[in-house]
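Participant: Here you go, one structure.
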Amino acid sequence: MAGAPQTGQPVPQPGSSAPGYGYPPAQPGAVPFPQQHGAPGVPGPAATPPPRQGGPGYGQFPTFAQPGQPQGRYGPSTFRASDIDEPDWSALAEQNEAEQRRRRKRMFAIGGGSAAVLVVGGIVAASLYLTDGSARVEADPSASPSVSSSASDKASPSAGQSTKRAAKPEDILGRGSTDKAPLTVETLFPSATITVQGRSYTRSAVDFSGACGDVTTNGLGPLLRDQLCRGLYRATYTSDKSVVTIGVAVFDDKVQASKLDGAFKGNVQPLVKDQTPKFCSDAGACAITHDSLGRYLHTTITGSKDGSPVSGTDKDAKQAGADVTSSLRATLLARGAEAAKKAG
């Protein structure tokens, strides 16, 4: 029928300016809707699709730019609304500057406090030097304020000062390893005459026995041997009324001498030579003393010059024994002091 539309063709709508399905004509630059291939009256797909080179076409994303904003696929308006305000960069800069000023002030305050503490410590150290009467020394600002220079000087010994305790004469005499000076009758009894508080005594005889028990009586010999006596030195002194023999037994250390002194018994035999008068033939009629000093045990036997018996309470006999003993002890202490001096 003439004028009737053909089967399968779209019918144009009133007011339409383009053939098709009644849609308005495409705008310039708009992406056309794809047509369904295979529909009646629609040609098949082209053999080679057009390349995607710029401009609108397949595979392109539409943009919805706002007025006055730049175009682009990922412009500022793509992810953010236009009504969000920008940060106030000027206010942030002022806030950062204020924070920097506060930090500088805090660091300055800490540094100033430390410097003040050091200065005070230096002043205190200097004042201590002045009050001690010592030479004035400039204060060291780096010194700790809790420790003064004078206290430090007192705590540490000087270069020439020894921290080793000085040995006492008794300590030197207490061991053979330290008491190394020559030991003879001459060193033990060096003076031919001794005087004690105006009382004089003349040395009349000396001798030495390596076998300590040979010149003893009444049980003293076995005690000397038990403690390993190294030798027995004797000397006899006379005064106008008395005669005294002093015996000195020598040991390795003071322990042996002290032990024998505590268990002492018997006596040394009187030493009679040359012009020495005989005395104390009966030891029971003589005065006997004993004591120890270091590794030395000393004992005396004192009788009357005229041979008469004396007792332990006899004034002249007791005084003569004490005077000779004090002279010997003075000689021993001088020996120890000399050895201590050499030892430093």
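No lab work stands behind these numbers, since they all come straight from the coordinates. Everything numeric in this text was worked out from a predicted model, so none of it was measured. So basically every Cβ, Gly included, is an ideal-geometry build from the backbone, and we count neighbours across all protein chains shown.
Participant: Quick one: how many lysine pairs does segment 171-343 have with C-alpha atoms less than 25 Å apart and a gap of 8 or more or different chains? Give me the count, please.
Facilitator: So the count of such lysine pairs works out to 24.
Participant: Please give the contour-minus-distance gain from residue 278 to residue 225: 0.36 nm per residue of separation, less the Cα-Cα distance, rounded to one decimal in nm.
Facilitator: That works out to 16.3 nm of additional length.
Participant: Same structure again: When 1/r is averaged over all different Cα pairs and the result inverted, which Kirkwood radius in Å belongs to segment 180-328?
Facilitator: Values: mean 1/r = 0.0659 Å⁻¹.
About 15.2 Å for segment 180-328.
Participant: Given the Cα-Cα distance of residue 334 and residue 218 and 0.36 nm per residue of separation, how much length would full extension add, in nm? Working shown, then result.
Facilitator: Working: separation 116, 0.36 × 116 = 41.76 nm, distance 3.25 nm.
So the chain would gain 38.5 nm between residue 334 and residue 218.
Participant: List every residue whose amide H lies under 5 Å from the amide H of residue 216, counting only residues 5 or more places away in sequence or on a different chain, with H placed 1.01 Å from N in the peptide plane.
Facilitator: Distant-sequence amide H within range of residue 216: 269.
Participant: In addition: Send over the semi-axes of segment 296-335's equivalent ellipsoid, whole angstrom and largest first, taken as the square roots of 5 times the C-alpha gyration tensor eigenvalues.
Facilitator: Values for segment 296-335, descending: 24, 9, 8 Å.
Participant: Shifting gears a bit: For segment 248-264, what does the Karplus curve 6.51 cos²θ - 1.76 cosθ + 1.60, with θ = phi - 60°, yield as ³J(HN,Hα) per residue in whole Hz, taken in order and with x for Gly and Pro?
Facilitator: After applying 6.51 cos²θ - 1.76 cosθ + 1.60, I find 10, 9, 10, 10, 6, 8, 6, 4, 5, 5, 5, 5, 5, 4, x, 10, 5 Hz.
Participant: Obtain the nm distance between the two label points defined at residue 175 and residue 196 by a simple spin-label model: each point lies 7 Å from its Cα along the Cα-to-C-beta direction.
Facilitator: Distance between the two pseudo-spin positions: 3.1 nm.
Participant: Test of understanding: what is the full-extension gain from residue 208 to residue 305, defined as 0.36 nm times their sequence separation minus their Cα-Cα distance?
Facilitator: Length gained, residue 208 through residue 305: 32.6 nm.
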